[in-house]
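Since the structure comes first, as C-alpha cells, the remarks are kept for the end.
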Amino acid sequence: MVASVASAALVGVEAELVQVEVNANEEGEPRLVLLGLPDAAVKESADRVFSALSHCGFRPLRTRTTINLAPGDLRKEGPLYDLPIALALLAATGQLDPARLAGFMVAGELGLSGSTRPVRGGLAIARAAQKAGKAGLLLPGGSAEEAALVGGICVYRIDSLPAAFRFLAGDGPLKALEPGLTASSAPRAEAPDFSELKGQAGLRRAIEVAVAGSHALLVIGPPGAGKSMAAKRIPSIMPAPARDEQLEILAIHSIAGRTLAGHQAALGSRPFRAPHHTISDAALLGGGIVPGPGEVSLAHHGVLFLDELPEFRRSVLEVLRQPLEDFEITISRCAAKTTFPCAFMLVAAMNPCPCGHLGDPRKRCKCAPSQIERYRARISGPLLDRIDIHVEAPAVTFAELRSDEPGESSAPIRDRVMRARERQLGRFKGSATIANARMTPAQLRRHCALESALGDLLQQAMEKLSLSARAYHRILKVARTIADLAGAASIEAPHLLEAIQYRTLDRPLSR
C-alpha cells in the first residue's frame with residue numbers, strides 16, 4: 001500500500017511543500033530506501049523512526065519499503081521529517097487510515113522513545129500549510145506555539161508519536177492551539193535605560209535622530225566615553241514591532257534554530273545583535289551548504305551593533321555595502337540561491353585613533369599621522385559614505401560622572417521617536433517605505449525639496465567637504481527626519497545645518 005502525508009522543506013525564510021510518500025508492500029528483503037535528495041540528518045531518520053515505532057508498540061516493517069520525499073529536485077535537510085515518515089509508514093502498513101492524513105501537514109523530530117522535539121521554521125511551515133490549503137498542522141511543542149502566531153490555520157501540539165496516532169485515528173481528540181502573543185500583547189524585554197548614561201547630550205541627540213529615521217550611525221570617541229553603553233540602550237527607545245514585523249523577525253530567528261519557547265519576552269522588542277570583530281564574512285551575511293541567515297538578517301527590523309569598527313576585517317566590512325542599500329542579501333551556493341531580508345539599523349563605534357585620545361583635551365595623543373591614517377583606512381570611503389550620521393562622543397568629565405542627577409530616561413525619547421515615525425508612516429502610506437532612511441529617489445525629490453537659499457547652503461557644504469552624491473541624498477534624508485522630530489512640514493535651515501554637521505569623518509579631527 002502507498003500512503004503519503006504533506007510536510008515542508010525550509011528554503012530561506014520560507015517553506016516549500018514536500019510530500020512524504022511511503023510504499024511498504026514491495027517485494028524483496030526487508031530494508032528501507034530513502035529518496036528525494038536527503039541530507040545526513042534526513043537519512044538518519046530511518047533509525048530514529050524504527051526505534052520510536054518499536055518502543056511505542058507498533059508493528060515492525062516486514063517488506064522492502066521505499067520512502068520518497070517529493071519533489072525530488074529540492075534538497076531536504078534536518079530531522080523535521082521523522083514524524084511524517086512514521087505516520088506515513090503506519091498508514092502504508094494498514095495500521096492507520098491513509099485518508100486521515102489528507103488534510104494535515106506534519107513536521108517534527110522523534111526521540112528514540114517516540115517523544116517529539118521542536119524543529120526549526122515552525123512559523124514558515126504554518127505559512128506553507130496555509131498556502132497549500134491544509135485544514136490543520138501537527139507540530140511538536142515549541143514549534144506549535146510559534147506556528148499558532150500566524151493565525152488562520154488549526155495548529156495541534158503533538159508531544160509523542162502515540163498522541164499523533166490517536167488523534168488521527170479519532171481516539172484522542174486534541175484542541176487546536178489558540179493564537180499566541182500578538183504584537184500588541186507581547187511584553188517588551190527589559191532593556192537598559194538612557195537615564196543611566198552620564199552626559200553626552202550630543203550623542204543622545206544623534207541617537208534620537210538615527211532611531212527616528214532608521215539611519216545608520218557611527219560614534220567616534222575615546223575609550224570609556226560611553227559609546228557601547230549608549231548603543232546598548234537604543235532598543236529601549238525603538239517602537240515595538242508591528243505584527244507583520246514581529247512575524248518576520250520570528251520567522252528568521254526560527255529558521256536559525258531559535259524557537260519561541262523561552263523567548264516570549266523578546267517578542268515585543270526589536271533584535272539587537274552585537275557580533276565580535278573576529279566574525280567571518282559568512283557568519284555576518286549568512287551561508288552554509290544550504291544557506292542560512294547571518295547576523296545582518298538576525299538584526300532585521302532591529303539593530304546591528306559593530307563595536308571597534310576598524311578591528312573588523314576589511315572583507316567583512318565591505319560586504320555590508322549592498323545590505324545597507326538594498327535591505328536584503330542574496331546568497332548563492334551550489335545547492336541553492338536564497339534571499340534573506342536584512343532591513344537593519346547599523347550602529348558602529350570606533351576610537352578616533354589607535355591610542356584612542358585624538359582630540360581629547362585631557363590626554364595627549366601619541367599616534368603618528370601615518371598611524372592615524374592607516375587606522376582610518378581600515379574603513380573604506382564607500383562604506384563611510386553609506387553611514388548617514390557620524391557623531392563624536394567626547395570623554396565624560398568627572399563632574400558628570402559624580403552627578404547624582406539622572407539623564408533623560410528612555411520613555412520620553414521613545415515618545416518623540418514614535419511621533420516622528422507616525423509622521424513618516426503617514427507620508428509613505430501605500431508604499432513599501434516605512435522610514436526616511438529608506439526613501440526612494442522619487443520620494444526624496446517629493447518630500448525633501450529645498451528652498452533656493454537652502455539649496456545654495458547645501459551646495460557650499462558639499463563643495464567644502466568634497467561630499468559625494470550619495471552623501472547629498474543622505475543629508476537630505478537626515479534633515480527630513482530632524483524636521484519630523486520638530487513637527488515641521490518642510491526642511492528648514494536649522495534642520496539642514498544639523499544634518500550637515502553629522503558628517504564628522506568627512507573632515508579631519510583636530511589633534
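Given +1 at the Cβ of Lys and Arg, -1 at the Cβ of Asp and Glu and no other charges, the dipole of the stretch 34-188 around its Cα centre is 160 debye to the nearest 20.
Determine the gain in length on full extension of the stretch GLU373-ILE289; use 0.36 nm per residue of separation and subtract their C-alpha separation, reporting nm with one decimal.
Working: separation 84, 0.36 × 84 = 30.24 nm, distance 3.92 nm.
Result for the pair: 26.3 nm of gain on full extension.
Take 272-282, 91-101, 347-357 and order them by the average number of nearby Cβ atoms within 10 Å per residue, most first; the result is 347-357, 91-101, 272-282.
Placing a label point 7 Å from the Cα of SER490 along the Cα-to-Cβ direction, the residues of the stretch 438-452 whose backbone N falls under 20 Å from that point are 442-452. Ordering ASP484, ASP456 by the number of other Cβ atoms within 10 Å of each residue's own Cβ, fewest first, gives ASP456, ASP484. Of the peptides 365-375, 489-499, 230-240, 202-212, the order by per-residue mean of other Cβ atoms within 10 Å, starting with the highest, comes out as 202-212, 230-240, 489-499, 365-375. Dipole of the stretch 2-169 (Lys/Arg Cβ +1, Asp/Glu Cβ -1, origin at the Cα centre): which of THR93, VAL22, ILE67 lies farthest to the positive side? Towards the positive end, the residue furthest out is THR93. Taking 20 °C and 1.002 mPa s as conditions, the stretch 306-456 diffuses translationally at an estimated 109 µm²/s according to Stokes-Einstein applied to its Kirkwood radius (Cα pairs). How would you classify the stretch 2-169 from its alpha-carbon gyration tensor, with a ≥ b ≥ c the square roots of the eigenvalues: rounded for a/c under 1.5, else prolate if a/b is greater than b/c, otherwise oblate? Here the stretch 2-169 falls in the prolate category. Is the stretch 93-244 best put as rounded, prolate or oblate by its Cα gyration tensor, with a ≥ b ≥ c the root eigenvalues, rounded for a/c under 1.5, and otherwise prolate when a/b is larger than b/c, oblate when not? It comes out prolate by the Cα gyration axes.
In a DSSP loop and with at most 16 other Cβ atoms within 10 Å, the GluC sites (Glu not before Pro) in the stretch 221-319 are GLU308.
If you take every DSSP beta bridge whose two residues both sit in the stretch 4-160, what share of them, in percent to the nearest 5, is antiparallel? Present the calculation step by step, with values, prior to reporting the outcome.
Working: 17 of 30 bridges.
Antiparallel bridges make up about 55 percent of those DSSP assigns within the stretch 4-160.
The slack between SER51 and GLN19, meaning 0.36 nm per residue of separation minus the straight C-alpha distance, is 9.2 nm.
Calculate, in whole percent, how much of the Cα-Cα pair population of the stretch 196-345 lies beyond 21 Å. It works out to 47 percent of all Cα pairs. Site pair ARG470 and GLU196 shows an inter-label distance of 3.5 nm when each label is modelled 7 Å from Cα along Cα→Cβ. Among the listed pairs LYS232/LYS464; LYS198/LYS477; LYS363/LYS464; LYS198/LYS363; LYS76/LYS131; LYS337/LYS429, a Cα-Cα separation exceeding 25 Å is found for LYS232/LYS464; LYS198/LYS477; LYS363/LYS464; LYS337/LYS429.
Placing one equal scatterer on every Cα of the chain and applying the Debye formula, the log10 ratio I(q)/I(0) at q = 0.05, 0.06, 0.10, 0.13 Å⁻¹ is -0.26, -0.37, -0.83, -1.16. Got the relative contact order for the chain handy, in percent, Cα pairs under 8 Å and 6 or more residues apart? Worked out over the chain, it gives 13 percent.
Charges only on Cβ, +1 for Lys and Arg, -1 for Asp and Glu: so what's the dipole of the chain about the Cα centre, in debye to the nearest 20? Don't skip to the answer; put the middle values down first.
Details: 60 positive and 53 negative charges, 186 e Å.
The dipole of the chain has a size of about 900 debye.
Beta-bridge orientation, the chain: approximately 50 percent antiparallel, per DSSP, counting only bridges with both partners inside.
Read the figures in this text as sums done on the coordinates, not as results from a lab. As the structure is a computational prediction, the values presented were derived from the model and not from experiment. Please note: Cβ atoms are built from the backbone with ideal geometry, for glycine as well, and neighbour counts cover all protein chains shown.
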